[in-house]
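*Asks:* Pasting a structure here, questions to come.
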Amino acid sequence: MVTFIFYEGIITPPSEIGAIRDLMLYGEIFCNKEYEYLLEAEPHNKDIYYRWLKTTHLYDYITDIVTPEEQVTGLRISETKTADPYVKLERITFNNLQNILTIFF
């Protein structure tokens, strides 16, 4: 199983919710591997992000919210430097979605 870990701010504007959902949907439909999508957030932000995931329906794909202290292994997608391995992106939008898909899948 391949684990993708979105780090906090990358799932909020200016990233586009539809583009994030399409990214995860592409992995589910067109790839022959099993993917797990997680959100990594600081402990004091978990409740805020839980409500955000429910409101935007990203919780349909993101299965859990973890903290950095849990040291979950996977590819992190972040706006800032985080634990390795990671990919630094300013945002996920429909304008850069094709480039992101070629990197990940």
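The values are calculated or read from the model by the stated rules, or taken from the named source; none is laboratory data. Because the structure is predicted, anything quoted here is derived from the model rather than measured. Every residue, glycine as well, gets a Cβ built from its backbone with ideal geometry; the counts of neighbours run over all protein chains shown.
*Asks:* Can you name every residue in the stretch 1-22 that is in contact with a Lys or Arg (Cβ under 9 Å, 6 or more places away or on another chain), part of a loop (DSSP other than H, G, I, E, B) and within 16 Å of ILE48 (Cα to Cα)?
*Replies:* Passing the criteria: only PRO13.
*Asks:* List pairs: first in the stretch 1-21 and under 10 Å from GLY74 (Cβ atoms), second of a type in the set (Lys, Arg) and at pLDDT below 95, Cβ under 6 Å, 6+ apart or cross-chain?
*Replies:* Partner pairs satisfying both residue conditions: VAL2/LYS33; ILE5/ARG76.
*Asks:* Shifting gears a bit: What is the residue count in the stretch 10-39 for residues that are small (Gly, Ala, Ser) and modelled with pLDDT under 90?
*Replies:* Number satisfying all stated conditions: 1.
*Asks:* List the residue pairs whose Cβ atoms are under 8 Å apart, where the first residue sits in the stretch 62-75 and is in contact (Cβ under 8 Å) with a residue 60 or more places away in the chain, the second is surrounded by 14 or more Cβ atoms within 10 Å (Cβ to Cβ) and not in a strand (DSSP E or B), and the two are 6 or more positions apart or on different chains.
*Replies:* From the stretch 62-75, the pairs are VAL66/ALA41; VAL66/VAL72; LEU75/PHE104.
*Asks:* Would you pick out the residues in the stretch 23-48 that are out of contact with any helix residue (DSSP H, G or I) (no Cβ under 7 Å at 6 or more places or on another chain) and in a helix (DSSP H, G or I)?
*Replies:* Matches in the stretch 23-48: MET24, LEU25, GLY27, GLU28, ILE29, PHE30, PRO43, HIS44, LYS46, ASP47, ILE48.
*Asks:* Is there any pair with a first residue in the stretch 24-37 that is over 14 Å from ILE100 (Cβ atoms) and a second that is among the hydroxyl-bearing types (Ser, Thr, Tyr) and modelled with pLDDT of 90 or more whose Cβ atoms are under 6 Å apart and which are 6 or more apart or on different chains, and what are they?
*Replies:* From the stretch 24-37, the pairs are GLU36/THR3.
*Asks:* Take ASN96 and tell me if it is polar (S, T, N, Q) and surrounded by 13 or more Cβ atoms within 10 Å (Cβ to Cβ).
*Replies:* yes
*Asks:* I need the full set of residues from the stretch 1-13 which are under 20 Å from ASN99 (Cβ atoms) and in contact with an Asp or Glu (Cβ under 8 Å, 6 or more places away or on another chain), in order please.
*Replies:* VAL2, PHE4, ILE5, PHE6, TYR7, GLY9, ILE10
*Asks:* Name the residue that is farthest from THR80 (Cα to Cα), counting only residues in the stretch 1-44 that are of a type in the set (Val, Ile, Thr) and in contact with a Gly (Cβ under 9 Å, 6 or more places away or on another chain).
*Replies:* Within the stretch 1-44, the match that is farthest from THR80 (Cα to Cα) is VAL2.
*Asks:* Let me confirm something: among GLU40, GLU34, GLU79, which residue is of a type in the set (Asp, Glu), surrounded by fewer than 11 Cβ atoms within 10 Å (Cβ to Cβ) and more than 14 Å from ASP22 (Cα to Cα)?
*Replies:* The unique qualifying residue is GLU34.
*Asks:* Right, something else. Among the listed residues THR73, THR80, THR93, THR63, identify the single one that is in a loop (DSSP other than H, G, I, E, B) and closer than 15 Å to VAL2 by Cα.
*Replies:* That would be THR73, the only listed residue that is in a loop (DSSP other than H, G, I, E, B) and closer than 15 Å to VAL2 by Cα.
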